[in-house]
Each structure stands twice: as C-alpha cells, then as structure tokens.
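First up is the structure itself, then whatever we jot down about it.
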Amino acid sequence: MARMTWIFTPESVDTPDATALRRDYFGDVAGRYYGRVLGEDEYDEEMLNEGLELLAPPAGQFLVGRHGGKPAACGGVLLLDAERAELTRVFIRPAFRGTGGADLLLRGLEDAARALGARRTVLNTRLDLVEARALYTRNGYAEIPAYCTGPYMEIWYGKEL
C-alpha cells in the first residue's frame, strides 16, 4: 500500500476547502474553550472572516494541506511589519493528527513568511491548546512577551527565521 503524502499549497481563503477548514478550526478552538460542540447557529461570520483579506500576497498567504488528496489542514501568515509575520489559523483536522502534517504545515508557513520578507515569526494561542503549544516548542518557538491583546490570547511565541 502506498504511503499517503502531505501536499501544502497556497490557496485563496474563500475556496470551498479553505472555508470548510477555517470553519472546522473555529469549531475546534471555540468548542474547546466552551467545553462543548458548537451548534450551527453559533458560528459568527465576522469571526470566521475577520482579517481574511490580509491572508493573500503581498500582506500574507494562506496554505491548505491535503493528505492523500483530502483537505486536512490550513494555516495563514500575515505580515505585521517589515520584520515579523504572524502565524494564524494553524489547524489539522483531528482525523489527520499524528500523520506528520503539523510539522510540515509549520515549515510551509515559515517558508511563506520568508517569501514575504519576514525574518521572524510570532503567534499567540491559549494555554489549554496543549497540542499546539507542544508543536510550536518542538519546532523551535520560544515564549515571548505579548505583542497583541485579545480575549483568547494567553501565551505568545516567536522564532527567528
């Protein structure tokens, strides 16, 4: 049996696959925050679409990862200034976790940040997202002082590219 491979490609945030992945991302992180599965009426379109116009060149990039041809992961890069790019909406669908995609996604996002001219990547997350925090530290991210504020931001990470 052939081993399924991961393929990550830049994609517009509004394609059907990218939209479904972003929705799953918010369902996962919001569901964990509230301790339950969100109902269809609880998805806030403003939340799903906030800042999406910036996740395209020249200000950013959005990647979709496919595993065995199936949309399985996504992530975005957004230039904050001439030196820094923020990673956002980093997500692997639960059925595809443990297949090596997360590390590959992070590398793809870092490559996209470099291509946009960034020399450092930064991100924020919540303390309860332990898998995400493990991914970042495993890939060389270190805790940094807060560079932004918001209701769902509890820890900040950075990495020199």
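The values are calculated or read from the model by the stated rules, or taken from the named source; none is laboratory data. These figures come from a predicted structure and were not determined experimentally. Note: ideal-geometry Cβ built from the backbone for every residue, glycine included; neighbour counts use all protein chains shown. Each accessible area value is taken on the protein alone, full model and side chains, heavy atoms only, with ligands, DNA and RNA left out. Shrake-Rupley method; radii C 1.70, N 1.55, O 1.52, S 1.80 Å.
The table below gives the values:
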{"read-out": "Residue that is farthest from the chain's Cα centre (by Cα) [pool: residues in region 77-103 that are outside any strand (DSSP E or B) and buried (at least 19 other Cβ atoms within 10 Å of the Cβ)]", "value": "Phe96"}
{"read-out": "Subset tally (residues that are assigned to a helix (DSSP H, G or I), charged (D, E, K, R) and open to solvent by 20 Å² or more (accessible area, probe 1.4 Å)) for region 104-137", "value": "5"}
{"read-out": "Selection from region 8-31 of residues that are touching a residue at least 60 places away in the same chain (Cβ under 8 Å) and not in a loop (DSSP other than H, G, I, E, B)", "value": "Phe8, Pro10, Leu21, Arg22, Asp24, Tyr25, Asp28, Val29"}
{"read-out": "Any hit, region 57-65, residues being touching a Phe, Trp or Tyr at 6+ places or on another chain (Cβ under 9 Å), surrounded by 12 or more Cβ atoms within 10 Å (Cβ to Cβ) and not in a strand (DSSP E or B)", "value": "no"}
{"read-out": "Failed item, numbered, when Tyr152 is tested on (1) within 13 Å of Arg84 (Cα to Cα); (2) in contact (Cβ under 8 Å) with a residue 60 or more places away in the chain; (3) assigned to a loop (DSSP other than H, G, I, E, B)", "value": "(1)"}
{"read-out": "Some residue of region 140-149 being polar (S, T, N, Q), over 17 Å from Trp6 (Cα atoms), out of contact with any helix residue (DSSP H, G or I) (no Cβ under 6 Å at 6 or more places or on another chain) and touching a residue at least 12 places away in the same chain (Cβ under 8 Å)", "value": "no"}
{"read-out": "Any hit, region 94-104, residues being acidic (Asp, Glu) and closer than 21 Å to Arg23 by Cβ", "value": "no"}
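Let's see how each residue does on (1) of a type outside the set (D, E, K, R); (2) without any contact (Cβ under 8 Å) to a residue 12 or more places away in the chain; (3) touching a Leu at 6+ places or on another chain (Cβ under 6 Å):
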position: Val90; (1), (2), (3): yes, no, no
position: Gly98; (1), (2), (3): yes, yes, no
position: Leu105; (1), (2), (3): yes, no, no
position: Asp111; (1), (2), (3): no, yes, no
